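Step one of this worksheet: look at the structure below.
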Amino acid sequence: MLQKPRNRGRSSGQAERDRDWSHGGNPGASRAGEDARVLRDGFAEEAPSTSRGPGVAGPSPQGARRAQAKQLELKVSELVQFLLIKDQKKIPIKRADILKHVIGDYKDIFPDLFKRAAERLQYVFGYKLVELEPKSNTYILINTLEPVEEDAEMRGDQGTPTTGLLMIVLGLIFMKGNTIKETEVWDFLRRLGVYPTKKHLIFGDPKKLITEDFVRQRYLEYRRIPHTDPVDYEFQWGPRTNLETSKMKVLKFVAKVHNQDPKDWPAQYCEALADEENRARPQPSGPAPSS
């Protein structure tokens, strides 16, 4: 299998921060006792077994936190899907229904779950979760997503808010060293309730959208990785992406999603700065038209 170096020249701490973002993590912050923050650990590892035998230690605090993070992340995904489905009928969504059908035993951290679901709805799906009337405890979703660089074509042929999904994929590519395997992309998107084999309420056919539509629009490059068994593909930025946005803008999007500063990813920040400087240099003019 063809192996591509991902973190050459980066410190182990920087590599860990890179993994944190692609795993939905929150770089540079302690997760202990912070339920809202551990929700970001989308790829939380399985916790060690809690069974104890002679001479066998119990789960580590870090393992317990990761198990909690995984469970809470699943609950956020469940809440997002519930809100999207309810919104299809355009009937206000009652807090009581959310608590009854989704939250269950998680009522004590409902505000954190609600906040995280609202963030995901806004950044990924382009919907703002708002209360219909003050203190009414009923909510609706409003389509508010603005395209990158105000380019309406990024919303897709049917006017659907695909910008958030595209920005997620562009962010994954950049944070992974400008190339990422397709399997890694879908591993991440599954945590957002987006599957390659299931029709999505917002994105329709996600597999077609990402591997065909975005590729045809030249936002993404999609190619087979040679000598892989089973066959795997990889993504890179396409030429249109480089024209319409920049590494710094995508990094700022990633930082905004995680309420962080772009400098929290030093390697990517330096790369984005260099890209900005390169863009600021005068470009050679093309050949003069013949008379």
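What is the packing order of peptides 92-104, 269-281, taking the mean over residues of other C-beta atoms within 10 Å and listing the highest first? Can you show the working numbers first?
Values: 92-104: 15.0, 269-281: 12.7.
Those peptides, ordered most packed to least, come out 92-104, 269-281.
Let me know the shape class of the stretch 197-254, please: from the alpha-carbon gyration tensor, a ≥ b ≥ c as square roots of the eigenvalues, rounded when a/c is under 1.5, otherwise prolate if a/b is greater than b/c, or oblate. Show your work: numbers first, answer last.
Numbers: a/c = 1.95, a/b = 1.21, b/c = 1.61.
The shape class here is oblate.
Select from the stretch 188-252 those GluC sites (Glu not before Pro) which occupy a DSSP coil region and have at most 16 other Cβ atoms within 10 Å, ordered by residue number.
none
Answer with one residue from 166, 193, 210: the one whose Cα lies farthest towards the positive end of the charge dipole of the stretch 150-245, charges on Cβ with Lys, Arg +1 and Asp, Glu -1.
193
Roughly what would the spin-label model give for residue 137 and residue 278, points 7 Å off Cα along C-beta, in nm?
It works out to 5.5 nm between the two label points.
Out of the total accessible area of the stretch 150-245 (probe 1.4 Å, heavy atoms of protein only), what percent is carbon and sulfur?
On the stretch 150-245, the fraction of accessible area on carbon and sulfur atoms equals 49 percent.
Roughly how many Å² is the accessible area per residue of the stretch 150-245, as a whole number, for a 1.4 Å probe?
On a per-residue basis, 44 Å².
Please give the per residue accessible area of the stretch 66-143, computed with a probe of 1.4 Å over protein heavy atoms only, in Å².
53
Under a cut-off of 22 Å between alpha-carbon atoms, report the lysines in cross-link reach of residue 94, not counting same-chain residues fewer than 8 places apart.
75, 86, 107, 115, 128, 135
Give the carbon-plus-sulfur fraction of the accessible surface of the stretch 66-143 in %, rounded to a whole number; probe 1.4 Å, heavy atoms of protein chains only. Walk me through the intermediate numbers first.
Details: 2130 of 4140 Å².
Its accessible area is 51 percent carbon and sulfur atoms.
The values are calculated or read from the model by the stated rules, or taken from the named source; none is laboratory data. Predicted, not measured: the structure shown is a model, and the values here were computed from it. Positions of Cβ are generated from backbone atoms using ideal geometry, with glycine treated the same way; all protein chains shown enter the neighbour counts. For accessibility, only protein heavy atoms count, side chains too; no ligands or nucleic acids. Shrake-Rupley method; radii C 1.70, N 1.55, O 1.52, S 1.80 Å.
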